[in-house]
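As structure tokens, the structure follows; a few thoughts come after it.
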Amino acid sequence: MLEFIEGPEDLKGLEEKELAPLCAEIREFIISHVSRNGGHLASNLGVVELTVALHYVFNCPEDKFVWDVGHQSYTHKILTGRQKGFLKLRKKGGTSGFPKPEESPFDAFIAGHSSTSISAAVGLAEAREKLGAKHKVIAIIGDGSLTSGLAFEGLNQAGHLKKDLIVILNDNEMSISKNVGALAAYLNRILTGDLYIKFRNSTRELLKGIPKFGPQMSKAAQKIEEAFKGIVLPGMLFEELGFNYIGPIDGHDIDAVLATLRGAAPLKGPVLIHVVTRKGKGYEPSEQNPCAFHGIGPFDVESGKTLSGSISYSEYFGKALSACAKTDPRIIAITAAMKEGTGLNVFEKEFPDRIYDVGIAEPHAVVFAAGLAKAGFKPVVAIYSTFLQRGYDEIIHDVCLQKLPVIFAIDRAGVVGEDGPTHHGMFDLSFLRHIPNLTLMAPKDAPELEAMLKFALASNGPVAIRYPRGKALDSGLDVSAAENKNKNKNTIQAGNAQLLKDGGEAAILAIGNMALESMEAAKMLEQEGMNVAVYNMRFVKPLDEDSLRRAAATGRVITVEDNAVLGGFGSAVAESLMRLGLGGISFLSMGFPDVFVEHGSQAELRAMFGLDRQGIFRAAKELLESSALNRVRTA
């Protein structure tokens, strides 16, 4: 049936009895394409029936579906004319892995970061009222996203405004890492109180004591208790916030979901439908290990094994932090629902009492770390660059203003590839470097990441280390004796750059993973008779001013960064050169321009913007040739 569905109208043409087989087809379709291209599997498999029912009952795009995070939007895309794009899912020119309004009118709002759907839906609902329209607005949010305060800010206003709005809570008991915190334990907290336990136990004993029928009555009471636990208590929270609560219902029972949506559609005011689903539904490896299949690369469908066995920077970081923690009991690891993603699952195995997963609550993670640091601990906040943006004010106000020794391990920095513009980490150098008291670093390879981590743990103030997504590289490039008095391999000194290659015609100043690409470009230039120096700058703040002076003495300086060029590393170098009175040279800053970069492989995107060895080679050669020509003309 799936090949004949090009839009929701085709779906509506099916009989209801055909929807369950269609859901099975969709699951096969998703598994097949994600196994080839990678993507978010477990969460998408969990919402197939829910999505089919939504499109069967409502009239999208007139009715607005606002997806939260976007990890659950594949079925929505399949049903709205984008099946062919799945051949290149998350690849350049293919379908995006997240809702994207410019890709389709069926995508009402962008979704890449968690917990935004309810607030956006409230805005869309209020706009509908002001415009005199009649369409429905439906937000679909996972239970993990409710650990973010932003979701409750949206619920709070929705309950206050009392406008027609449907919020569907997709309850699969998982965010990316297992849900944590008071909200996740809401029912257990109520149902483990002394009064309730005494009442429950005494009732069971009383029923068991009834001759002949006691055991059966006790079992019946237990079933009633489970129903009470699932139906009455969850609704209390949302009813108090002003919502009409419906549920919980089985999210994989297509008939039950259809009936519930039809019943909720005409209701006035805010409605919350509680749908219980299973992450990874229909594919056993994903059901058994939903964390591993949350965001996954290509894999073998039969075995469920991924096709890449190389260690990532995230895993390398986790092992390095664990090694440091063995000799320093003050080290504490903190993550925001991303233990596996940041490599801290490695740390958790060795130090389960020294790791905290605060849920999808990045601002809280930063302030929580500040409190620990204030008391003498060494908190390490491991977080993706794109998500660290959500804790920006707290970094300034709660950490750096107080000069607290919090370490930010910024994973997925720079262009991340297939997840696209909502997940690229290309702004952290720009939004961090101007904050007082913060030391900002980026390693060229994995051993240097470990060295920087040790440097940060020995520091007395806030430190941020950013590193890329992907395979952890060991370049084998040692510290230059000319640049490091200590001469020990990968010993880091504050603001000390590393001279990788000497040269007198120009100097390439590279930060982080761009250092190795710059070295390869310099070798290519050398083959054409151009002698160019390469500096692994290591620090964006503080900058190595001695290295800047030597670089400026060549008359030509090129900066290279895996970051937005506006306000980034190159800007820092240019400002310092001017302040040191080293202007009047040929200067080129290479980085990502003032655009949101689309999805594609990391290699493709870097090549597109000239941030690979070929691009650096071409830019440096052009600068060398043009500046040489200008000097001849001047003479």
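The values are calculated or read from the model by the stated rules, or taken from the named source; none is laboratory data. Given the structure is predicted, the values throughout are model-derived calculations rather than measurements. Neighbour counts are summed over all protein chains in view; Cβ atoms, including those assigned to glycine, are modelled from backbone coordinates with ideal geometry.
For segment 241-263, which positions are closer than 13 Å to residue 57 by Cβ and among the charged types (D, E, K, R)? So that I can check it myself, show each step before the final result.
If we filter segment 241-263 for residues that are closer than 13 Å to residue 57 by Cβ, which is where we start, we get 254-263.
Selection gives 255, 262.
Just the residues that are closer than 20 Å to residue 555 by Cβ and either hydrophobic (A, V, I, L, M, F, W, C) or not in a helix (DSSP H, G or I) (or both), please, taken from segment 609-627.
Initially, segment 609-627 is screened for residues closer than 20 Å to residue 555 by Cβ, giving 616-627.
Of everything in segment 609-627, those that are closer than 20 Å to residue 555 by Cβ and either hydrophobic (A, V, I, L, M, F, W, C) or not in a helix (DSSP H, G or I) (or both) turn out to be 616, 617, 619, 620, 623, 624.
Which of the residues that make up segment 489-525 are surrounded by fewer than 24 Cβ atoms within 10 Å (Cβ to Cβ) and among the small types (Gly, Ala, Ser)?
494, 495, 503, 504
Tell me, yes or no, whether segment 150-170 has at least one residue that is within 18 Å of residue 54 (Cα to Cα) and at pLDDT below 90.
Quick first cut of segment 150-170, residues within 18 Å of residue 54 (Cα to Cα) only: 164-170.
From the residues that got through so far, the ones that are at pLDDT below 90 too are none.
Within segment 150-170, none of the residues are within 18 Å of residue 54 (Cα to Cα) and at pLDDT below 90.
Got a sec? Which of 139, 111, 121 is within 17 Å of the chain's Cα centre (by Cα), closer than 22 Å to residue 277 by Cβ and hydrophobic (A, V, I, L, M, F, W, C)?
On the way: 139 fails: within 17 Å of the chain's Cα centre (by Cα); 121 fails: within 17 Å of the chain's Cα centre (by Cα).
Of 139, 111, 121, the one residue that is within 17 Å of the chain's Cα centre (by Cα), closer than 22 Å to residue 277 by Cβ and hydrophobic (A, V, I, L, M, F, W, C) is 111.
Would you please name the residue that is surrounded by the fewest Cβ atoms within 10 Å (Cβ to Cβ), looking only at residues in segment 125-135 that are free of Cβ contacts under 8 Å to residues at least 60 places away in the same chain and part of a loop (DSSP other than H, G, I, E, B)?
Here the answer is 132.
Please determine, by comparing only the residues of segment 272-282 that are modelled with pLDDT of 90 or more and surrounded by fewer than 21 Cβ atoms within 10 Å (Cβ to Cβ), which one is nearest to residue 337 (Cα to Cα).
Restricting attention to segment 272-282, the residues satisfying the condition of being modelled with pLDDT of 90 or more are 272-278, 281.
Adding the requirement that they be surrounded by fewer than 21 Cβ atoms within 10 Å (Cβ to Cβ) leaves 276, 278.
Values: 276: 20, 278: 18 Å.
The qualifying residue nearest to residue 337 (Cα to Cα) is 278.
So which residues in segment 102-124 are part of a helix (DSSP H, G or I) and either free of Cβ contacts under 8 Å to residues at least 24 places away in the same chain or surrounded by 24 or more Cβ atoms within 10 Å (Cβ to Cβ) (or both), if there are any at all? Please lay out each step first, then the result.
Going residue by residue through segment 102-124, those that are part of a helix (DSSP H, G or I) are 117-124.
Matches in segment 102-124: 117, 118, 121, 122, 123.
Look through segment 136-160, keep the residues that are part of a helix (DSSP H, G or I) and among the hydroxyl-bearing types (Ser, Thr, Tyr), and return whichever of them is farthest from residue 74 (Cα to Cα).
147
Could you pull out the residue among 366, 346 that is crowded, with 19+ Cβ neighbours inside 10 Å and at pLDDT below 95? Show your work before the answer.
On the way: 366 fails: at pLDDT below 95.
So the residue among 366, 346 that is crowded, with 19+ Cβ neighbours inside 10 Å and at pLDDT below 95 is 346.
Quick check on my filter: what residues within segment 222-266 are part of a helix (DSSP H, G or I), hydrophobic (A, V, I, L, M, F, W, C) and at pLDDT 70 or above? So that I can check it myself, show each step before the final result.
At the first step, the residues of segment 222-266 found to be part of a helix (DSSP H, G or I) are 222-240, 254-264.
Imposing the further condition that a residue be hydrophobic (A, V, I, L, M, F, W, C) reduces the set to 224, 227-228, 231-233, 236-238, 254, 256-259, 261, 264.
Matches in segment 222-266: 236, 237, 238, 254, 256, 257, 258, 259, 261, 264.
Please identify the pairs in which a residue from segment 589-610 that is not assigned by TED's automatic domain parsing to the domain that holds residue 103 has its Cβ atom under 8 Å from the Cβ atom of a residue that is polar (S, T, N, Q) and outside any loop (DSSP other than H, G, I, E, B), counting only partners at least 6 apart or on another chain.
589/559; 589/571; 590/559; 591/559; 591/563; 592/563; 607/614
Within segment 31-42, identify whether any single residue is touching a residue at least 12 places away in the same chain (Cβ under 8 Å), in contact with a helix residue (DSSP H, G or I) (Cβ under 6 Å, 6 or more places away or on another chain) and more than 29 Å from residue 119 (Cβ to Cβ), and answer yes or no.
yes
Please go through segment 413-450 and give me each residue that is part of a loop (DSSP other than H, G, I, E, B), β-branched (Val, Ile, Thr) and over 21 Å from the mean Cα position of the chain (by Cα), ordered by number.
The initial filter retains those residues of segment 413-450 that are part of a loop (DSSP other than H, G, I, E, B), namely 413, 415-424, 426-427, 433-438, 442-445.
From the residues that got through so far, the ones that are β-branched (Val, Ile, Thr) too are 415-416, 422, 435.
Answer for segment 413-450, where residues must be part of a loop (DSSP other than H, G, I, E, B), β-branched (Val, Ile, Thr) and over 21 Å from the mean Cα position of the chain (by Cα): just 435.
Restricting attention to segment 353-371, which residues are touching a strand residue (DSSP E or B) at 6+ places or on another chain (Cβ under 8 Å) and without any contact (Cβ under 8 Å) to a residue 24 or more places away in the chain?
Correct list: 355 only.
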